[in-house]
1. For the range 49-67, give me each residue that is over 16 Å from Val7 (Cα atoms) and surrounded by 13 or more Cβ atoms within 10 Å (Cβ to Cβ).
2. Which residue, of Ser73, Ser11, is loosely packed, with under 13 Cβ neighbours inside 10 Å and either at pLDDT 95 or above or closer than 26 Å to Leu154 by Cβ (or both)?
3. Just checking, how many residues over the range 139-163 are assigned to a loop (DSSP other than H, G, I, E, B) and in contact with a strand residue (DSSP E or B) (Cβ under 9 Å, 6 or more places away or on another chain)?
4. Could you look through the range 69-101, keep only residues that are small (Gly, Ala, Ser) and more than 28 Å from the chain's Cα centre (by Cα), and pick out the one that is nearest to His127 (Cα to Cα)?
5. For the range 123-167: of the residues being β-branched (Val, Ile, Thr) and at pLDDT 95 or above, which is surrounded by the most Cβ atoms within 10 Å (Cβ to Cβ)?
6. What do you reckon, is Ala254 free of Cβ contacts under 8 Å to residues at least 24 places away in the same chain and within 14 Å of Ala174 (Cβ to Cβ)?
7. Give the range 168-211 a look and list any residue that's small (Gly, Ala, Ser) and either touching a strand residue (DSSP E or B) at 6+ places or on another chain (Cβ under 9 Å) or surrounded by 15 or more Cβ atoms within 10 Å (Cβ to Cβ) (or both), or say none.
8. Kindly indicate the residue of the range 230-266 that is small (Gly, Ala, Ser) and in a loop (DSSP other than H, G, I, E, B) and also farthest from Asn167 (Cα to Cα) among those meeting that condition.
Amino acid sequence: MKEILIVRFSSLGDIVLLTGVLKYVKENIAEDIAIDLLTYFHFAGVLQDYPYIRNIYTIKKGASLIDLNETVSTMPNYDAVFDLHNNIRSAFVRFISSCKSYVYDKNSLGRRLYVKKRLCRSKLQEHTVIKYFKPFMKAFKLDMPDIELLRPYLPFPNIEKNNSLKNAVIHPFASKATKEWPFFAELGCMLSDDGLNVIYIGNGEMNIPACADDKTGKVSLSALIEFIAQADVFITTDSGPLHIATALNIPTIAIFGPTTKELGFYPPFKNTKVIEYVGLKCRPCHIHGSSCCYKKHFKCMLDIGVEEVRYHVNNILSNNPKMQD
């Protein structure tokens, strides 16, 4: 049996996007392999019930290379290391591992040139899961499958819905202020008027409307997964929970503002819908979003109306076979 190590330290969404790739590799190569993962401690919980990884090794964010070396010294002697982070720490792991290594091309320069100068667009058409998969193609002589076969995968938690109404779960927060749509409160009130049970989740500050169930605040990743799994429709920002919902195959609406599909995280999978201001020339304005709109108009978010999002929510609920009673 071959043993391989996957190195991806962060962030939440990036870790979740690995899951479909590892599932496909494990199920579609002839030889038996054991897959271990090295990641940051606070992201390991999202994979606690994931069946395609044998061991999860962790380091704390900000750990020194000495600490990292000590952690790697406790691991087996691997047949290969797959560096799916491609930074200084992951390169160090490759350097101290006495085995063959494979590195994914995140094309950081191309993304920055596209954001700043609108160059390299033709080279930015690959989703992140495809970029993750390419090192495995090389290592195991695999062909590129349909992207739906690389869809993120998390085991569906064993939960029971607490009411007979359909749940609209809203995650209004993001890592950057410009990625947060400002009308999530109004949307919740409209969806409540439509007869949905509205639940807000996530860690951030927002005035939650009285018509909704407030489940916001810091929770464990396993609790976050369970909240998302309660959804009949999930409405979110460009954020980690978007990818969790995709991995659970929850019908999902994602509102994208300053970021675009060229940056690699736009969900191309079934049961997902992206709402965005198509054609706005200042998009994208930053690889990860920013604290404020440098154009001062914030059109990418302000011009997405509540009624438009409401329409798509109700359309998903009425037309998706999984949602029909």
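1. Matches in the range 49-67: Asp49, Tyr50.
2. Just one listed residue meets the conditions, Ser73.
3. From the range 139-163, those assigned to a loop (DSSP other than H, G, I, E, B) are 141-146, 151-163; that's our starting set.
Next cut, in contact with a strand residue (DSSP E or B) (Cβ under 9 Å, 6 or more places away or on another chain) only: 161-163.
The number of residues fulfilling the criteria is 3.
4. Within the range 69-101, the first condition is being small (Gly, Ala, Ser), and the residues that meet it are 73, 80, 90-91, 97-98, 101.
Filter once more, so that each one left must be more than 28 Å from the chain's Cα centre (by Cα): 73, 97-98.
Values: Ser73: 33, Ser97: 29, Ser98: 31 Å.
For the range 69-101, the residue satisfying everything is Ser97.
5. Val129
6. Details: free of Cβ contacts under 8 Å to residues at least 24 places away in the same chain: yes; within 14 Å of Ala174 (Cβ to Cβ): yes.
The answer is yes for Ala254.
7. Restricting attention to the range 168-211, the residues satisfying the condition of being small (Gly, Ala, Ser) are 168, 174-175, 177, 185, 188, 192, 195, 202, 204, 210.
The answer is Ala168, Ala174, Ser175, Ala177, Ala185, Gly188, Ser192, Gly202, Gly204.
8. Here is the first cut: in the range 230-266, the residues small (Gly, Ala, Ser) are 231, 239-240, 245, 247, 254, 257, 264.
Subsequent filtering for residues that are in a loop (DSSP other than H, G, I, E, B) retains 231, 239, 257, 264.
Working: Ala231: 5, Ser239: 20, Gly257: 25, Gly264: 29 Å.
For the range 230-266, the residue satisfying everything is Gly264.
The values are calculated or read from the model by the stated rules, or taken from the named source; none is laboratory data. Keep in mind the model is a prediction, meaning the values are calculated, not measured. Using ideal geometry, Cβ is built from the backbone for each residue, glycine included, and neighbour counts are taken over all protein chains shown.
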